[in-house]
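This report refers to the structure that appears directly beneath it.
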Amino acid sequence: MFRRKRQWKTVNYSSINGKGDKPKRPVHPTLSKNIKDIQSVIGDDHDYNEREIRIVGNRKVVVLYFGSLVNKDSINETILKPMIYIRSQSMDVELKDKELKRFLFEEVIYHTEGQIVTHIDDILHGVLRGKCAVIVDGLSEAILFETKEVDKRGIEQPQGEQVIRGPRDGFIEHLQTNISLLRNRLPIEEFRVKPLEIGEVTKSTVVLCYIDHIANEKLVEEVEKRLQHIHIDRVLDTGYIEQLIEDNPRSPFPQIQYTERPDKAVGNLVEGRVVIMIEGTPLTLICPATFNQFFQTSEDYNERALMSSLVRMIRLLALGSSLLFPSLYVAVLSFHPELIPAEFAVAVTSGRGGVPFPVVVEVLIMEVAMEILREATVRMPQQVGGAISIVGVLVIGQAAVEAGFVSPVTVVIIALSTIGSFATPAYNVAIAFRMLRFPILFLSGMFGLFGLVVALLLIFNHMLSLRSFGVPYLSPFSPVDWQSLRDSFIRFPLRWLSKRPEELHSYNTIRVDPKVKRKPKEPLLPKEDDRNGKS
């Protein structure tokens, strides 16, 4: 008989999250006692299945699994069928316990993934996660096979991070598929994936991904320590993790970036950052994060440097307009009308004729109405959301102007600020700037340009004080890193981006070796003299 050599390892699942306070029940050599202990915990669950068979030496074997979590064909073909077949071929064979264990594991069951466990709690832990448990009468050990099968959607381009030029694949809710998308782009032995378990009830699987010879060891240890110190009953999305490990939870600015794009995650891994992935969500976390990252996209590196720099400056202009236009309009119109040019002043005053509200109240009403309209568009079904946005913008806006509630200039200002927030690549940063518009608007309405400047100083002072895992939030602007400034609000050509960001303190800082000279290409066509000489 063909003998298959395989490495089996004993696993203690309780050590994954550092918890081992609860006493654990060992696997008993008596099969009936083990089954009774398991049934006392699971209870009367219609999804729980026990399949009892007999193998060589007339030994009893019970196969345990949850039908909704496993691939039954895999159990039938790789576990049950080999054991039943070997019994029919060796009816009268008597094997001792040690020989039987070796015989089953090395010569009978041919499954790719198997783990030996020695405690009832480990069996329950594995079965509840889609594994199949095999318990043999007379053995004080059980074996778990990876037979999990969960319905998952196909890989497609993320709706929130669409690009014109770039890959079209995106993360999905299946963790192993997401890891495979990263490994496909990082076929190196230094790529590390560390598993953890977070959530007292959900027991969510969280993995920590980084590149060993690039990411700073202290950064990896800090991220892992913060994850291990999370004590919560459920983790349903990366948003739970983000809120529990960020440096300043009271800040409106996000200190951890999220993405659904594998190419973006790989780009940050290569720079020396750490990626956090969770089972059940397509969103992955990237840390540390700086403000500079949130107005950049993966498409910026696929286009030429000149076009990418132009697009980035347009995004910054849109970000500034979404934050400042309403407040600047209120401050100038209420306190500093002398700053308005004469030609434009006539249009503004004529448009405001008959409006019963002060300009700050008028702008505030329009801002609130726009936020309500935006929220209604997002929450309504897709078939109805488009109609709501068209009705809200065209019908309600035009009716409000004709009724004299708002002036046409105010509608234009609010529209420009709203469009500017849409041009921001990161949705969480756009939300932060949308919410900051209201306190800036109040200060501008009370103190004019002085209140606007004070509000901006407070925002910049807060951003200067922020840290993301020890990295200054406004890097590379403060502190200044001239090398990293080449990839900030403008992007230099790729061959000039020779080093990784200095604020990450990566072990391998060289990204492009500037000493390697490019070899000039040979001309595709021979020179004119060569053609004449040959002729």
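Below is a table of values for the structure above.
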{"item": "Matching option when the condition is in contact with a Cys (Cβ under 7 Å, 6 or more places away or on another chain) and either buried (at least 17 other Cβ atoms within 10 Å of the Cβ) or more than 17 Å from residue 467 (Cα to Cα) (or both), among 214, 256, 245", "result": "256"}
{"item": "Some residue of the range 177-191 being in contact (Cβ under 8 Å) with a residue 24 or more places away in the chain, within 20 Å of residue 238 (Cα to Cα) and not in a helix (DSSP H, G or I)", "result": "no"}
{"item": "Residue satisfying condition, being over 30 Å from residue 23 (Cβ atoms) and at pLDDT 75 or above, within set 156, 106, 141", "result": "156"}
{"item": "Which numbered condition residue 116 fails, given (1) open to solvent by less than 70 Å² (accessible area, probe 1.4 Å); (2) assigned to a helix (DSSP H, G or I); (3) touching a residue at least 40 places away in the same chain (Cβ under 8 Å); (4) touching a helix residue (DSSP H, G or I) at 6+ places or on another chain (Cβ under 9 Å)", "result": "(2)"}
{"item": "Every residue from the range 147-173 that is touching a residue at least 40 places away in the same chain (Cβ under 8 Å), more than 24 Å from residue 425 (Cβ to Cβ) and either open to solvent by 20 Å² or more (accessible area, probe 1.4 Å) or not in a loop (DSSP other than H, G, I, E, B) (or both)", "result": "148, 149, 150"}
{"item": "Residue in the range 447-457 that is free of Cβ contacts under 8 Å to residues at least 12 places away in the same chain and β-branched (Val, Ile, Thr) present", "result": "yes"}
{"item": "Filter pass, residue 342 being open to solvent by 30 Å² or more (accessible area, probe 1.4 Å), free of Cβ contacts under 8 Å to residues at least 12 places away in the same chain, small (Gly, Ala, Ser) and at negative phi", "result": "yes"}
{"item": "Test: residue 439 is modelled with pLDDT of 85 or more and part of a loop (DSSP other than H, G, I, E, B)", "result": "no"}
{"item": "Selection status of residue 264, open to solvent by 10 Å² or more (accessible area, probe 1.4 Å) and touching a residue at least 40 places away in the same chain (Cβ under 8 Å)", "result": "yes"}
{"item": "Exclusive hit being closer than 21 Å to residue 288 by Cα and among the hydroxyl-bearing types (Ser, Thr, Tyr), set 444, 488", "result": "488"}
{"item": "Test for residue 240: is it of a type in the set (Phe, Trp, Tyr), surrounded by 19 or more Cβ atoms within 10 Å (Cβ to Cβ), within 15 Å of the chain's Cα centre (by Cα) and under 26 Å from residue 420 (Cβ atoms)", "result": "no"}
{"item": "Failed condition for residue 294, given (1) of a type in the set (A, V, I, L, M, F, W, C); (2) more than 21 Å from residue 509 (Cα to Cα); (3) modelled with pLDDT of 95 or more", "result": "(3)"}
{"item": "Test: residue 257 is within 30 Å of residue 151 (Cβ to Cβ) and within 26 Å of the chain's Cα centre (by Cα)", "result": "yes"}
{"item": "Count of the range 349-377 residues which are at pLDDT below 80 and either part of a helix (DSSP H, G or I) or in contact with a strand residue (DSSP E or B) (Cβ under 8 Å, 6 or more places away or on another chain) (or both)", "result": "5"}
{"item": "All positions within the range 227-237 that are open to solvent by 50 Å² or more (accessible area, probe 1.4 Å) and not acidic (Asp, Glu)", "result": "228, 229, 231, 234, 236"}
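To keep it simple, each residue is scored yes or no on (1) on the phi > 0 side of the Ramachandran plot; (2) open to solvent by 10 Å² or more (accessible area, probe 1.4 Å); (3) aliphatic (A, V, I, L, M); (4) modelled with pLDDT of 90 or more.
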position: 287; (1), (2), (3), (4): no, no, no, yes
position: 301; (1), (2), (3), (4): no, yes, no, yes
position: 306; (1), (2), (3), (4): no, yes, yes, yes
position: 326; (1), (2), (3), (4): no, no, no, yes
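The values are calculated or read from the model by the stated rules, or taken from the named source; none is laboratory data. Remember, predicted model here, so these are calculated numbers, not experimental data. Here the Cβ is made from the backbone with ideal geometry for all residues, glycine too, and neighbour counts use every protein chain on show. Accessible surface is based on the protein model in full, side chains and every heavy atom, while ligands, DNA and RNA are left aside. Shrake-Rupley method; radii C 1.70, N 1.55, O 1.52, S 1.80 Å.
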